Amino acid sequence: MAADKILIIEDEKKIARFLELELKHEGYEIELSYDGREGLEKIRGGDFDLVLLDLMLPSLSGLEICRRVRKESDIPIIMLTAKDQVMDKVMGLDLGAHDYITKPFAIEELLARMRGILRRNKPNETQTNILSIKGLVLNTDIRQLTIKGEVVDLTKTEYDLLLYLLKNKGLVLTRDQIIEEVWGYDYPGDTNIVDVYIRYLRSKIDDKYNQNYIYTVRGVGYVIKD
């Protein structure tokens, strides 16, 4: 099995070298970039499984890199930064980062988060590229939702939320479970964000097509069922 390929975009060379050595020791294939603009070009030109992205970079910030990459790709991104303000975390996650870790951090924690993200993003033999229920069809190969043959546009977070619900069809998922899967367990906000995005989804699928897909289990969470 080929090693996962990781791109580290970090301008502090001592940190970058430390990460490179530790990750190589774990069996990962590593490529480094010390500059934001160069790092963005490497993402666009390479076939990486995950990006470790510093927030403060010369020529182009980590937030701007994340914003541009999300227009083109769903490659997993973990942000590495000395900033620990809540708004910095929220901005990074809203722009599409999969996770966020504040320096200094334990390498064991970073490795655990990487393994979790890489595991979730690798299809296995039992997975199917089509998930469907009551005229709703989600094609995970092209990340496209159709209902009764009509394409429905979703944001990245709406798509990830719907995908998680469909993968667990018939199971009641708590808000905490949804937060951990869709936003990451280090999400700094509260669980009300789940209710907000459930409303967004319902307005696009349940309400528009006059069909109940997402059910509320009062005091527990949400479920998609036949």
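The values are calculated or read from the model by the stated rules, or taken from the named source; none is laboratory data. Only a predicted model underlies this, so the values are computations on that prediction, with no experimental measurement involved. Backbone-built Cβ (ideal geometry, glycine too); neighbour counts: all protein chains shown. The accessibility values were calculated without ligands, DNA or RNA, using every heavy atom of the protein model including side chains. Shrake-Rupley method; radii C 1.70, N 1.55, O 1.52, S 1.80 Å.
Odds and ends about this structure:
- Check on THR216, without any contact (Cβ under 8 Å) to a residue 40 or more places away in the chain and more than 24 Å from ARG67 (Cβ to Cβ): yes
- When the residues of the stretch 156-175 are filtered to those that are on the phi < 0 side of the Ramachandran plot and in a loop (DSSP other than H, G, I, E, B), the one that is surrounded by the fewest Cβ atoms within 10 Å (Cβ to Cβ) is LEU171.
- Residues of the stretch 18-41 that are open to solvent by less than 10 Å² (accessible area, probe 1.4 Å) and more than 15 Å from SER61 (Cβ to Cβ): LEU19, LEU23.
- Within the stretch 42-66, residues that are assigned to a helix (DSSP H, G or I) have Cβ atoms under 9 Å from residues that are of a type in the set (Phe, Trp, Tyr) and open to solvent by 10 Å² or more (accessible area, probe 1.4 Å) in these pairs: LYS42/PHE48, counting only partners at least 6 apart in sequence or on another chain.
- Residue within the stretch 82-105 that is aliphatic (A, V, I, L, M), at pLDDT 90 or above, open to solvent by less than 50 Å² (accessible area, probe 1.4 Å) and touching a helix residue (DSSP H, G or I) at 6+ places or on another chain (Cβ under 7 Å) present: no
- Among residues of the stretch 176-194 being part of a helix (DSSP H, G or I) and open to solvent by less than 60 Å² (accessible area, probe 1.4 Å), the one that is farthest from LEU138 (Cα to Cα) is ILE193.
- Residue among ASP141, ASP153 that is closer than 26 Å to GLY116 by Cα and loosely packed, with under 14 Cβ neighbours inside 10 Å: ASP141
- Every test in (1) closer than 22 Å to MET79 by Cβ; (2) in contact with a Phe, Trp or Tyr (Cβ under 9 Å, 6 or more places away or on another chain); (3) of a type outside the set (Ser, Thr, Tyr) is passed by ARG115 save one, and that test is (2).
- Here TYR197 meets each of (1) modelled with pLDDT of 90 or more; (2) among the aromatic types (Phe, Trp, Tyr); (3) open to solvent by 60 Å² or more (accessible area, probe 1.4 Å) with one exception, condition (3).
- Of residues in the stretch 188-222 being over 21 Å from the mean Cα position of the chain (by Cα) and among the β-branched types (Val, Ile, Thr), the one farthest from THR102 (Cα to Cα): ILE205
- For the stretch 1-17, the set of residues classified as surrounded by fewer than 16 Cβ atoms within 10 Å (Cβ to Cβ) and free of Cβ contacts under 8 Å to residues at least 40 places away in the same chain consists of MET1, ALA2, ALA3, LYS13, LYS14, ARG17, listed by residue number.
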